[in-house]
C-alpha cells in the first residue's frame with residue numbers, strides 16, 4: 001500500500017509518500033515542504049498547491065491519501081485559509097480516485113507518541129525512530145506529513 005500524506009497549509013504544505021512493505025515496515029519514498037509566496041494572489045497560491053498535489057500523485061501513484069483535520073482555537077482567519085487549501089488538496093485526491101483518511105492532531109499524537117497531548121518536539125523526535133528519513137535537513141511540515149501517514153498505517157491497518 002502506498003499513500004500520500006499531507007500536513008495542510010497555505011504558506012507551507014508538508015507532503016510525503018509512504019509505502020508499507022510486505023514485512024510491515026513503512027518506508028518514506030518522498031517528502032517535501034511545498035511553499036507558496038505570500039506575495040502571490042491568494043487564488044494563485046491555492047492553484048499552485050493543487051498543481052503540486054496533482055503532480056506528486058501522478059508521479060508516485062498512491063492509492064490513498066491521509067490528511068490532517070483542522071483544529072484551531074483562536075485564529076479563525078488562518079483556519080479558513082487552511083480549510084480552503086485542504087479543500088483543494090482533497091479535490092485533487094478525489095479527482096484521482098484516492099481513498100481519503102482524515103485524522104485529528106490528537107489522533108496523530110497518540111499514534112506516533114502514545115500520548116494525545118504531546119508537543120511538536122515529541123513528534124519531531126519520534127518520527128525518525130519509527131521510519132528512516134532522508135539524510136538531509138527536513139522542515140517540521142515534512143515530518144508532520146510523515147506522522148500523518150504513519151497514523152493512517154497504524155489506524156487503518158492496511
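Only one of 127, 148 is surrounded by 20 or more Cβ atoms within 10 Å (Cβ to Cβ), outside any loop (DSSP other than H, G, I, E, B) and out of contact with any strand residue (DSSP E or B) (no Cβ under 9 Å at 6 or more places or on another chain); which? Result of the check over 127, 148: 127. Only residues that are buried (at least 17 other Cβ atoms within 10 Å of the Cβ) and in contact with a strand residue (DSSP E or B) (Cβ under 6 Å, 6 or more places away or on another chain) were counted in the stretch 130-143, giving 3.
In the list 70, 98, 133, which residue meets the criterion of being at pLDDT below 95 and under 22 Å from residue 21 (Cα atoms)?
Values: 70 fails: under 22 Å from residue 21 (Cα atoms); 98 fails: at pLDDT below 95.
Exactly one residue qualifies, and that residue is 133.
Taking strands (runs of 3 or more DSSP E) as the structural unit, those lying wholly within the stretch 8-112 and holding at least 2 residues that are in contact with a strand residue (DSSP E or B) (Cβ under 9 Å, 6 or more places away or on another chain), touching a residue at least 40 places away in the same chain (Cβ under 8 Å) and surrounded by fewer than 21 Cβ atoms within 10 Å (Cβ to Cβ) correspond to 12-20, 26-35. Taking the stretch 136-157 as the range and being under 11 Å from residue 66 (Cβ atoms) and over 8 Å from the mean Cα position of the chain (by Cα) as the test, the residues that pass are 150, 151, 152, 153, 154, 155, 156.
The values are calculated or read from the model by the stated rules, or taken from the named source; none is laboratory data. Keep in mind that what you see is a predicted model, and the values were worked out from it rather than measured. Heads up, the Cβs are rebuilt from the backbone with ideal geometry, glycines too, and the neighbour counts pull from every protein chain shown.
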